[in-house]
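Here the structure comes first, spelled out in structure tokens, and everything after it is commentary.
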Amino acid sequence: MNGTGPDLSTRYPIAELDRRFYAFAIDRLLGWILVALVGVGAWFVLHDAWLVVAVVIGVMTMVWLVLGVLLGVTGNSPGKSMVGLRIVHHGTGEPIGVGRALLRSLVLAMASLPTFGLGLVTLAWTAVADHAHQRRGWHDHLAQSVVLDVRPIEAREVAAVDDAPRHVVNLTAMRLIPAPPVEAAAPPRRASAEHSVRRQPVGSGATPQTQPPVPMAPQPPAHLARPAPDEGRTVVRPRPGAPVGPRWRVTFDNGETFVVEGLALVGRRPEPRSGEQVHHLVPLSSHDMSVSKTHAQFGPTGDGVLVVMDRGSTNGSVLIRQGVSRPLTAGRPTTLVDGDAVSFGDRTMTVARES
């Protein structure tokens, strides 16, 4: 299967429960339609109720086996392919195998029995209560599986803002907007050289002449040197005359603090995507390796608010607001307010508004 490997779970975010429900409903609907068609056809051919029941049971077993083989070998099913999901092994990122897939499908089938939906509700609750914030239900733990969202990045980023008490963020400002490029400071003598006028005697008729400007030294291209882990970083100053919004200061649990001037990446060894303009790289060491390579991003938007977004990390990110914890949805920006804290694995960042 293309795209499998040990790092698959680090390259794709954990699937949301609503998309998993859509995939489950599509698979069940297709299976029921097939069973119904075969049952009706068997009745017209056999005209025997017990034979029809036997045929229907055989078809249901066959559907269960086919879905189990598909999930075990490829990680896909018709429903999961339609909504862009994939099931892989939690530890290796490889397909879970036919045996585990059949066991997982059997648990889902038993939970779907006419029990007023209590079985599926219980499985959904175990996924929501997953302490690792990976939405792994009891059936996933039993099969050692995890469900990933393998849609393209562009499709995942087109999402609404989380419903939470915070500032309103325009949909057009969902992408983190880095600060404008930096201009090198002018030499101290430039202003006097450009604006000084050679004085002429009054009445001499001579026209005041301006001294030629002093040529400026070539400016190096703006870039960011990658700092060593847990070291201080140089704050990039915005272009003079640019709109000035609120100043946001972030402080990490290792004591590092800086004012956010543009897009920032956080992780063990954060790296920007191709063409991505990054102003802050924040390497964070992790004792239990719970921080992903490029774990999350944060930065100001065009409206002057600060937003954070998990970039599909393995262990997820958690927003802590007024003592209440809420996991962040991978690929979906969330607005931060003064006093918020965000945990990236075993590391924590606090947010303060300075102006």
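The values are calculated or read from the model by the stated rules, or taken from the named source; none is laboratory data. What you are looking at is a predicted structure, and each value in this text was computed from that prediction instead of being measured. Glycine also receives a Cβ, built like all others from the backbone with ideal geometry; neighbour counts cover every protein chain displayed. To get the accessible areas, we keep the full protein, side chains included, count just its heavy atoms, and leave off ligands, DNA and RNA. Shrake-Rupley method; radii C 1.70, N 1.55, O 1.52, S 1.80 Å.
With K and R counted +1 and D and E -1, the other residues having a Cβ less than 12 Å from that of Ala129 yield a net charge of +1. If you plug the beta carbon distance of Ser112 and Leu46 into 1/(1 + (r/R0)^6) with R0 = 25 Å, you get a FRET efficiency near 0.35. Placing Ile33, Ile26 in order of accessible area, with the largest value first and a 1.4 Å probe, yields Ile33, Ile26. Computed with every protein chain present, the accessible area of Arg104 is close to 10 Å² [probe 1.4 Å]. Accessible area ranking (1.4 Å probe, heavy atoms, ligands and nucleic acids excluded), largest first, for Glu354, Glu256, Glu276: Glu354, Glu276, Glu256.
With all protein chains in place and ligands, DNA and RNA left out, the 1.4 Å accessible area ranks His287, His131 as His287, His131, largest first. 3J(HN,Hα) along the stretch 92-101, derived from phi through the Karplus expression 6.51 cos²θ - 1.76 cosθ + 1.60 where θ = phi - 60°, amounts to 10, x, 8, x, 7, x, 5, x, 5, 5 Hz, with x in place of Gly and Pro.
In the complete set of protein chains, residue-level accessible area for Phe21 is approximately 120 Å², probe 1.4 angstrom.
The heavy atoms of Asp48 present about 60 square angstrom of accessible area, all protein chains included, probe 1.4 Å.
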